[in-house]
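Enquirer: Before anything else, here's the structure in question.
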Amino acid sequence: MKGLLQKDFRLMVKQSKFFTTIAFITVIFAGVVENISFIISYLTFIGFMFTLSTISYDEFDNGNAFLFSLPITRRGYVVEKYGFGLLMGGSCWIFATLIAVVCGQVRRTNSINDSLAVAFMIIPVMLLLLAIILPFQLKFGGEKGRIAAIAMVGIVFIVFLGVAKITKTMHIDLSGLLNRIETMDTRMLGVAAIAVSIGVLLLSGRISVTIMEKKEF
Amino acid sequence: MLKIEHLKKTYDNFSLDCSLRIQPGAVTGLIGQNGAGKSVTFKAILGLIKADGGKVTILGKDIQDFSVKDKQRLGVVLSDSGFSGYLDVRDVISILKNLYETFDQKFFMKQAQKFGLPMNKKIKEFSTGMKAKLKVLTAISHKAKLLILDEPTVGLDVVARDELLEALREFMEEEEDRSILISSHISSDLETLCDDLYMIHDGKIIFHEDTDVLLSDYALLKVNDSQYAALDKQYILRHRKENFGHCCLTNQKQYYLDNFPQIAIEKGTVDEVITMMIRGVEE
């Protein structure tokens with residue numbers, strides 16, 4: 001595990017130009033865009049992107065065959081990829097949250113509590129995104145994986161629309177349910193959302209292990 | 001060290017059924033044409049592909065039960081795969097240090113210098129020879145018990161090949177019970193390095209012999225039609241019709257030297273044995 005993390009960190013350092021550019025763009029965004037949720041989501045997603053790009057690096061030139069001849073297991077590989085994604089996404093989230101808090105204070109648009117609340121509400125969305133994208137990336141690899149993941153996000157969106165339509169035709173009061181959720185304690189709602197997203201992430205990890213165990217190199 | 005019993009793997013137009021055994025302290029060669037099943041065998045041994053049947057036992061353990069710790073006792077070179085080309089040698093050292101408890105950094109650095117491997121150049125910018133040297137160095141730098149080397153000398157010039165073979169000999173001399181399974185297209189590499197040779201053809205092992213025996217007892221008999229008719233064929237393994245008459249492969253050179261002094265007898269080489277075993281007809 002330590003060796004794999006070492007490899008991925010070193011591969012990430014090789015992309016330092018990309019990293020600097022992203023940090024630069026974020027600072028510019030922070031100066032121009034007042035929507036802090038966009039800044040935090042954007043930078044956290046970029047953090048996740050690093051783990052996706054390391055999967056592409058691993059696959060390049062049939063590198064996986066050699067990688068899995070080293071003292072690692074397929075399960076260990078999956079755990080490392082999720083861990084690396086959370087580490088990078090988490091670091092970027094902290095960095096972006098700090099920028100958001102500072103910007104909110106300087107502009108006097110958001111209180112620290114408001115900025116933190118927005119930052120915490122983004123966590124479950126980001127975790128769900130990671131939970132969806134990673135298995136696709138591991139199953140289909142680089143380009144195909146990204147296309148499949150985008151398609152999956154589209155499917156989820158269509159399913160939600162479908163559910164909304166069906167509940168409407170069946171006269172189920174979905175908006176009433178949503179209103180009830182809105183009236184719930186925000187903190188409780190946030191904690192519940194994070195708990196659900198962690199559950200989905202664990203399920204996603206399990207699916208990824210199955211995918212990797214079936215793979216041949 | 002390694003025991004393979006009827007390892008089976010079937011693809012659309014290829015079927016592997018391979019059995020072989022590597023003794024402690026031995027260097028065993030696996031030879032065969034392109035597509036004969038060498039790489040499939042290596043990948044199945046390493047668990048990179050799932051076998052359809054058979055049993056692989058490495059260092060006394062079934063491959064299915066092989067743990068991370070067990071894998072630390074293997075050194076592997078794959079012909080078509082290695083570390084990411086975006087890493088450099090310093091990165092590789094750092095990764096190996098974290099992967100292998102027994103990684104010998106001092107040895108690695110010394111050998112890297114000897115092989116002329118630059119520390120801060122990306123692997124993708126290395127020459128073929130440098131890449132091959134790095135692969136072998138990676139395999140031999142953590143005191144492995146068994147090396148599994150698939151075409152480690154492919155694409156190398158004579159000098160580079162010699163350097164690598166020398167490194168492998170030194171690896172074997174360090175500890176008595178170390179073993180190597182190696183495949184190569186270059187028969188001279190195998191003749192000088194291996195204790196015994198397996199030949200694989202169309203996914204099956206068709207030949208196994210000690211290298212010393214192969215080089216001393218195997219021979220090609222070049223005979224015309226009448227000599228062929230009179231020849232005692234009990235020790236002829238394969239024969240092939242050629243322009244001048246017949247070419248016969250035997251594993252009893254001395255018998256024919258003693259009893260048929262009038263016929264042309266040529267010393268057997270790995271290349272000739274391979275050719276005859278594949279193209280010749282069984283007597």
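The values are calculated or read from the model by the stated rules, or taken from the named source; none is laboratory data. The shown structure was predicted, so the numbers you read here are calculated from the model rather than taken from an experiment. As a convention, Cβ positions derive from the backbone with ideal geometry for all residues, glycine included, and neighbour counts pool all protein chains shown. Calculation scope for accessible area: heavy atoms of the full protein, side chains included, ligands and nucleic acids excluded. Shrake-Rupley method; radii C 1.70, N 1.55, O 1.52, S 1.80 Å.
Enquirer: So, in the stretch B:78-131, exactly how many residues are more than 13 Å from chain A (Cβ to nearest Cβ), open to solvent by less than 50 Å² (accessible area, probe 1.4 Å) and of a type in the set (A, V, I, L, M)?
Expert: Total meeting the criteria: 3.
Enquirer: Of all residues in the stretch B:166-186, which are under 15 Å from the mean Cα position of the chain (by Cα), crowded, with 21+ Cβ neighbours inside 10 Å and modelled with pLDDT of 90 or more?
Expert: Of everything in the stretch B:166-186, those that are under 15 Å from the mean Cα position of the chain (by Cα), crowded, with 21+ Cβ neighbours inside 10 Å and modelled with pLDDT of 90 or more turn out to be B:L168, B:S179, B:I180, B:L181, B:I182, B:S183.
Enquirer: Can you tell me which of B:K61, B:K55, B:K38 is more than 7 Å from every other protein chain (Cβ to nearest Cβ) and under 13 Å from the mean Cα position of the chain (by Cα)?
Expert: Values: B:K61 fails: under 13 Å from the mean Cα position of the chain (by Cα); B:K55 fails: under 13 Å from the mean Cα position of the chain (by Cα).
Selected residue: B:K38, the only one of B:K61, B:K55, B:K38 that is more than 7 Å from every other protein chain (Cβ to nearest Cβ) and under 13 Å from the mean Cα position of the chain (by Cα).
Enquirer: Can you tell me which residues in the stretch A:92-146 are closer than 21 Å to A:Y77 by Cα and surrounded by fewer than 15 Cβ atoms within 10 Å (Cβ to Cβ)?
Expert: A:E143, A:K144
Enquirer: Of all residues in the stretch B:219-250 being among the aromatic types (F, W, Y) and either open to solvent by 60 Å² or more (accessible area, probe 1.4 Å) or within 26 Å of B:G35 (Cα to Cα) (or both), which is modelled with the highest pLDDT?
Expert: B:Y235
Enquirer: Has the stretch B:273-282 got at least one residue that is among the acidic types (D, E) and in contact (Cβ under 8 Å) with a residue 40 or more places away in the chain? Steps first, please.
Expert: Initial filter on the stretch B:273-282 (among the acidic types (D, E)): B:282.
Filter once more, so that each one left must be in contact (Cβ under 8 Å) with a residue 40 or more places away in the chain: B:282.
Yes, the stretch B:273-282 contains at least one residue that is among the acidic types (D, E) and in contact (Cβ under 8 Å) with a residue 40 or more places away in the chain.
Enquirer: Moving on to the next point. Could you list, in sequence order, the residues of the stretch A:47-88 that are touching a Lys or Arg at 6+ places or on another chain (Cβ under 6 Å) and either of a type in the set (F, W, Y) or within 17 Å of A:E143 (Cβ to Cβ) (or both)?
Expert: Answer for the stretch A:47-88, where residues must be touching a Lys or Arg at 6+ places or on another chain (Cβ under 6 Å) and either of a type in the set (F, W, Y) or within 17 Å of A:E143 (Cβ to Cβ) (or both): just A:T51.
Enquirer: Can you tell me how many residues within the stretch A:50-86 are within 17 Å of A:S204 (Cα to Cα) and either at the interface with another protein chain (Cβ under 7 Å from one of its Cβ atoms) or at pLDDT 90 or above (or both)?
Expert: The total comes to 14.
Enquirer: Now for a different question. When the stretch B:251-283 is examined, which residues are found to be part of a strand (DSSP E or B) and crowded, with 18+ Cβ neighbours inside 10 Å? First the steps, then the outcome.
Expert: In the first step, residues of the stretch B:251-283 are kept if they are part of a strand (DSSP E or B); the result is B:264-267, B:281-282.
The one that is part of a strand (DSSP E or B) and crowded, with 18+ Cβ neighbours inside 10 Å: B:I265.
Enquirer: Okay, moving on. Could we say that A:G47 is closer than 23 Å to A:L201 by Cβ and more than 9 Å from chain B (Cβ to nearest Cβ) here? Working first, answer last.
Expert: On the way: closer than 23 Å to A:L201 by Cβ: yes; more than 9 Å from chain B (Cβ to nearest Cβ): yes.
Spelling it out, A:G47 is indeed closer than 23 Å to A:L201 by Cβ and more than 9 Å from chain B (Cβ to nearest Cβ).
Enquirer: So, of the residues in the stretch B:35-77 that are polar (S, T, N, Q) and touching a residue at least 40 places away in the same chain (Cβ under 8 Å), which turns out to be surrounded by the most Cβ atoms within 10 Å (Cβ to Cβ)?
Expert: Of the residues in the stretch B:35-77, the ones polar (S, T, N, Q) are B:39, B:41, B:57, B:64, B:67, B:72.
So of that shortlist, the ones also touching a residue at least 40 places away in the same chain (Cβ under 8 Å) come out as B:39, B:41, B:57, B:72.
Numbers: B:S39: 21, B:T41: 29, B:T57: 16, B:Q72: 19.
Once the filter is applied, the top-ranked residue is B:T41.
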